[in-house]
Amino acid sequence: MSPVATVKTLKIDGRDVSGRQEETILDVARQNGIFIPRLCEMDGLSDVGACRLCLVEIKGQNKLLPACVTVVEEGMEVTTGSERLNNYRRMILELLFTERNHVCSVCVSNGHCEMQMLAQRLGITHVHFPYRYPKEEVDASHERFVIDHNRCILCTRCLRVCDEIEGAHTWDIMGRGIDAKVITDLNESWGTSETCTSCGKCVQVCPTGALFEKGRSVAEMMKRRQFLPYLTMMREENE
Amino acid sequence: MSKKKIATVWLDGCSGCHMSFLDMDERLLALAGAADLVYSPLVDAKEFPPDVDVTLVEGAVSSEEDLRKINMIRERTKILVSLGDCAVTANVPGMRNPFGTKAVYDRAYRENVTFDPGVPDQVVPALLPTSRPVHEFVKVDIYIPGCPPSADNIYYAVTELLEGRTPDLTLKTRFGS
Amino acid sequence: MTPEELDQIAEDERAEQGKYTERVNVCVAAGCLSCQSQSVKDALDQEVGSRGTKDRCQVKGVGCMGLCSEGPLVSTSNGILYKKVEAADSPAVLDSLAGEPVARLVCPTDVPFFQRQKKIVLENSGVIDPERIEDYIAANGYTALIKALTEMSQREVIDEVTKSGLRGRGGAGYPTGLKWSTVSKSVGAQKYVICNADEGDPGAFMDRSVLESDPHRVLEGMLIAGYAVGASEAYIYVRAEYPLAIKRLRNAIRQAERVGLLGSNICGTRFSFRVDLRLGAGAFVCGEETALIASVEGKRGTPRPRPPYPAMEGLFGKPTLINNVETYANIAPIIRNGGEWYAQVGTEKSKGTKVFALAGRVENTGLVEVPMGISLREMVFEIGGGIPEGRKFKAVQTGGPSGGCLPTDCLDMPVDYESLARAGSIMGSGGMIVMDESSCMVDVAKYFMDFCMTESCGKCIPCRVGTFQMRRILEAIGNMTATEQDLKLLEELCELLKHTSLCGLGQSAPNPVLSTLRSFAEEYRAHIQEHKCPAGVCGQPAGETL
């Protein structure tokens with residue numbers, strides 16, 4: 001890292017804030033305790049801008065931009081929580097709820113689920129689009145972990161942590177559109193995967209109950225994320 | 001001024017929401033002072049009265065009987081409340097949806113039955129193809145998610161409605177709470 | 001290859017062709033090939049052989065002549081165009097070279113379909129043999145490249161393209177000169193040029209036809225682009241569903257390498273350029289530039305957020321120029337004749353010509369190249385020859401699944417980027433589907449939404465789930481089971497997708513719905529309120545009980 005970092009000053013929700021030139025709006029917002037919803041982004045993993053929940057308004061720009069990949073610029077004026085943005089966010093989350101079978105009451109992550117919490121925070125009391133009710137698989141072939149596709153939201157955190165942090169690239173994605181799903185190896189059962197190191201990082205970064213440890217019952221699956229910033233920090237120091 | 005009329009209905013659910021309703025304990029007495037419970041699994045009325053102020057609906061709409069009921073209730077109710085996750089999201093009853101009704105009938109009436117297995121064609125109402133939230137069939141005015149919603153939340157919602165206010169439950173409860 | 005050598009090839013080829021006093025050109029592009037033009041060509045060859053006139057009569061396979069609906073098309077050296085020619089007609093066609101035309105086969109060319117066209121991109125289509133570089137060179141091919149390399153600086157080439165006013169022909173209409181300039185200014189020793197030949201709009205076959213009819217023109221455009229922006233490596237991303245285009249491109253690349261127009265130190269300059277093909281595996285979204293780049297890199301073809309734009313960080317993270325087939329096909333004539341010459345054609349903001357694939361309920365279907373600014377009425381009723389069977393015109397669909405349906409009151413609108421956008425559609429890559437009163441606009445919207453849903457990559461939530469929900473609602477409207485509430489949801493979803501989707505596919509997926517909702521609201525109303533499909537296309541309500 002260069003010894004002299006250029007600092008940009010900007011306004012987020014009317015507050016004067018500053019960030020280094022390579023930092024994103026989401027980074028700077030987080031440092032300043034400004035909440036921006038997101039489900040695919042995770043500190044320590046690469047950003048994909050896929051969930052579209054962190055879209056923000058920037059003064060002078062017609063387009064909404066994802067805070068997770070938009071770097072700060074001098075004089076930027078960012079709005080993170082307008083009625084319009086929150087309306088879009090509610091719709092996007094509602095669409096997620098309709099996509100697969102998210103039954104909070106019987107989920108291992110009930111009470112610890114990022115999607116469930118976000119729905120509450122955004123004031124969703126019901127889903128006004130019809131549910132899809134697809135038939136999804138549960139793969140419990142791994143000796144310690146389970147993937148329940150009913151609860152997967154395709155955030156791809158598992159792919160990224162497996163590829164970028166663990167270096168195994170066991171997870172990937174197959175199919176397109178509404179039929180896309182995460183797979184282990186070449187769509188083989190997880191238990192027989194030759195690349196999986198059983199490190200469990202994918203389980204810990206999963207925002208919902210799609211990935212969980214065996215033996216956990218309803219509401220018992222608490223994810224432990226401390227390793228990620230620690231590993232990232234150690235790597236940066238080594239570089 | 002005449003007392004307000006409230007009703008509760010039990011569609012496809014586990015009755016947990018009604019248990020939670022009873023958990024209001026001594027507050028039920030206060031409620032009874034403000035309104036009459038004119039129809040409910042908890043009272044003895046056989047007919048749903050024509051002019052109810054507030055109806056709490058527990059459960060998803062899963063059968064033809066549920067559908068008939070909810071349409072009738074909607075017509076006779078000023079404020080319809082979806083009470084609990086089954087009414088709001090279809091929740092556990094909706095978990096059969098990916099598999100279809102035949103799988104449900106087979107498991108319930110054929111596979112696990114030793115004496116005279118077969119689907120009854122009387123008394124038990126036919127299932128709808130999927131079990132769905134109430135608001136996909138009729139207009140719902142207030143949603144109280146939760147499995148079940150706490151007695152506090154039910155009390156809060158009902159008293160607000162009886163006072164003519166719109167309860168805001170967004171930060172008090174959520175799916176699955 | 002030196003300029004002199006190129007001249008020599010051209011001269012030799014012209015001399016060779018000059019030996020023939022009679023010529024028969026048979027279209028061997030995909031449209032005519034699919035109605036057996038190869039057997040027509042074989043029969044003509046055989047007939048010439050048996051008549052012993054091989055030394056004076058040439059039978060040549062050429063590219064698309066445009067009027068695909070009348071194929072196989074054959075043109076002769078005495079200026080006659082024949083339609084629907086069969087193998088058995090070959091003696092008659094050959095007889096006519098020195099006599100009266102075969103009346104029953106004559107396709108009149110003094111009609112608007114031919115007269116109203118202006119050919120720049122397609123100037124060689126139907127004239128030269130797409131499988132012989134010599135024929136392209138004899139038609140002034142590669143002279144623009146030589147001119148750029150030997151007489152012009154990189155800056156001058158870009159200025160000429162800027163002056164021409166050329167805009168991206170892939171759909172968005174971004175100014176080509178500006179894009180080139182950005183890539184040329186991007187810092188980096190390694191830069192790439194990519195040709196987007198992943199044409200995927202339903203009903204569109206412009207790029208396919210250009211590649212099949214005149215592949216060298218595209219290579220020449222890419223070479224000039226490579227020189228201008230400072231790139232030495234290029235990829236053509238072409239969909240695997242175009243086997244003939246792939247074959248001819250491969251052949252063209254091999255020929256250009258053989259004569260030294262591709263490779264190291266082209267024309268003795270320091271400019272080196274290699275072109276390679278990458279085949280798309282059938283994903284529509286790979287036409288989106290960042291998805292295309294991911295696919296060329298060997299990754300799953302999904303878009304990523306921009307910025308950074310490919311001009312800064314593209315293929316393998318290097319500055320990358322990515323243009324569409326037709327854009328590159330415009331470059332050689334611009335360099336040859338100058339940007340000002342090109343800018344004379346078209347409107348103030350949309351210069352030059354545009355190739356359209358005219359399809360649907362119209363008399364003449366096929367490929368046409370028209371000056372920008374022509375009215376839709378001229379397109380449909382003059383060039384297209386009007387609606388068959390006396391039916392009434394209803395709408396023109398442009399821009400494929402990202403575009404919209406333009407109703408009768410848009411007929412006098414000029415065809416240019418801005419006007420089409422104002423009317424709720426887009427120029428798109430050039431698909432133009434004409435619809436008459438027998439088409440149901442709800443059904444059309446459903447068709448395109450189905451397409452978008454199937455082709456969504458699944459990366460972002462609004463597009464992945466939103467297109468599914470929209471398709472479901474349109475299906476319900478088609479089944480007469482939808483309510484006013486559903487229509488409201490549909491409108492909500494249109495807005496959501498437009499503003500929150502990650503890439504152009506999702507952002508523009510609502511366009512077919514929005515444009516039909518705007519111009520044909522009464523058709524939606526008829527389905528929802530009266531349970532009727534005015535065009536009689538949509539089905540009856542499904543059974544109530546199960």
**Prompt:** Kirkwood Rh over Cα pairs of the protein assembly as shown into Stokes-Einstein at 20 °C, 1.002 mPa s: D in µm²/s?
**Reply:** 67 µm²/s
**Request:** Between B:51, B:116, B:141, find the one with the highest GNM mean-square fluctuation for chain B; connect C-alpha pairs within less than 10 Å.
**Result:** B:116
**Asked** Picking from C:483, C:513, C:451, whose Cα lies most toward the positive end of the charge dipole for the stretch C:443-529 (charges on Cβ: Lys, Arg +1; Asp, Glu -1)?
**Response** C:451
**Request:** Over the alpha-carbon set of the stretch B:117-156, divide Rg by the Kirkwood Rh and report the Rg/Rh ratio to two decimals.
**Result:** 1.17
**Asked** Rounded to the nearest 0.05, what FRET efficiency is calculated for residue B:159 and residue A:83 with R0 set to 30 Å and r the Cβ-Cβ distance?
**Response** 0.55
**Fill in**
Ordered by number, the chymotrypsin sites (Phe, Trp or Tyr not before Pro) in the stretch C:158-230 that occupy a DSSP loop and have at most 10 other Cβ atoms within 10 Å are none
**Asked** For helix A:83-99, what angle does its Cα long axis make with the longest principal axis of chain A, in degrees from 0 to 90 and rounded to 10?
**Response** 10 degrees
**Request:** Among A:190, A:46, A:69, pick out the residue whose Cα is farthest towards the positive end of the charge dipole of chain A, where Lys and Arg carry +1 and Asp and Glu carry -1 on C-beta, about the Cα centre.
**Result:** A:69
**Message:** I need two numbers for the stretch A:7-81: Rg to one decimal and Dmax as a whole number, Cα atoms only, in Å.
**Reply:** 11.1, 31
**Complete:** The relative contact order of chain A, taking Cα pairs under 8 Å that sit 6 or more residues apart, comes to a percentage of 18 percent
**Request:** Can you spot the lysines whose alpha carbon is less than 23 Å from residue C:191's alpha carbon? Ignore those fewer than 8 places along the same chain.
**Result:** C:147, C:179, C:299, C:318
**Request:** Please list, or write none, the lysines whose alpha carbon is within less than 20 Å of the alpha carbon of residue A:8, excluding same-chain residues fewer than 8 places away.
**Result:** A:59
**Complete:** For the stretch C:18-108, the convex hull over Cα atoms projects on average to an area in nm² of 5.2 nm²
**Request:** Return the tail of the calculated pair distribution for chain B, meaning the percent of Cα-Cα pairs more than 27 Å apart.
**Result:** 28 percent
**Prompt:** What do you get for Rg/Rh over chain A if you use C-alpha atoms and the Kirkwood form of Rh?
**Reply:** 0.98
**Asked** So what's the convex hull volume per residue for the Cα atoms of the stretch C:140-343, in Å³?
**Response** 109 Å³
**Request:** Using only the alpha carbon atoms of the stretch C:186-306, find the Kirkwood hydrodynamic radius as the inverse mean reciprocal pair distance, in angstroms to one decimal.
**Result:** 14.9 Å
**Asked** Taking the Cα centre of each part, how many Å lie between the stretch A:162-230 and the stretch C:27-80?
**Response** 60 Å
**Message:** Test of understanding: extend the Cα→C-beta vector of residue C:316 to 7 Å, then name every residue of the stretch C:269-309 with backbone N under 12 Å from that spot.
**Reply:** C:297-298
**Global geometry of the stretch C:415-543, whether rounded, prolate or oblate, following the gyration tensor of its Cα atoms and the 1.5 cut on a/c** = oblate
**Request:** Take the eigenvalues of the Cα gyration tensor for the stretch C:353-436, scale each by 5, and report the square roots as semi-axes in whole Å, largest first.
**Result:** 18, 13, 12
**Prompt:** What nm distance separates the two modelled labels at residue C:483 and residue B:126, each placed 7 Å from Cα along Cα→Cβ?
**Reply:** 2.2 nm
**Two-decimal ratio, chain C, of alpha-carbon radius of gyration to 2.2 N^0.38 Å** = 1.01
**Prompt:** Roughly what % of DSSP beta bridges within the protein assembly as shown run antiparallel, to the nearest 5?
**Reply:** 50 percent
**Asked** Among all the aspartates and glutamates, which ones have a C-alpha under 16 Å from residue A:11's C-alpha, if same-chain residues fewer than 8 places away are not counted?
**Response** A:23, A:27, A:57, A:73, A:74, A:77
**Prompt:** What nm distance separates the two modelled labels at residue C:88 and residue C:185, each placed 7 Å from Cα along Cα→Cβ?
**Reply:** 6.6 nm
**Prompt:** Quick one: Cα centre-to-centre distance for the stretch C:88-126 and the stretch C:350-414, in angstrom?
**Reply:** 23 Å
**Asked** Tell me, what is the FRET efficiency for residue C:150 and residue C:247 to the nearest 0.05, using R0 = 41 angstrom and their Cβ-Cβ distance as r?
**Response** 0.80
**Message:** What FRET efficiency comes out for residue A:18 versus residue A:46 if R0 is 30 angstrom and r is the Cβ-Cβ distance? Round to the nearest 0.05.
**Reply:** 0.80
**Message:** At 7 Å along Cα-to-Cβ for each site, give me the label-to-label distance between residue A:199 and residue C:104 in nm.
**Reply:** 7.7 nm
**Request:** Loop only per DSSP, at most 11 neighbouring Cβ atoms within 10 Å: give me the trypsin sites (Lys or Arg not before Pro) in the stretch A:1-84, ordered by residue number.
**Result:** A:59, A:63
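Read-outs throughout are calculated quantities, based only on the coordinates presented, and are distinct from any laboratory measurement. Worth saying up front: this structure is predicted, and the values here are computed from it rather than measured. Methodologically, a virtual Cβ is constructed for each residue, glycine included, from the backbone with ideal geometry; neighbour enumeration extends over all protein chains shown.
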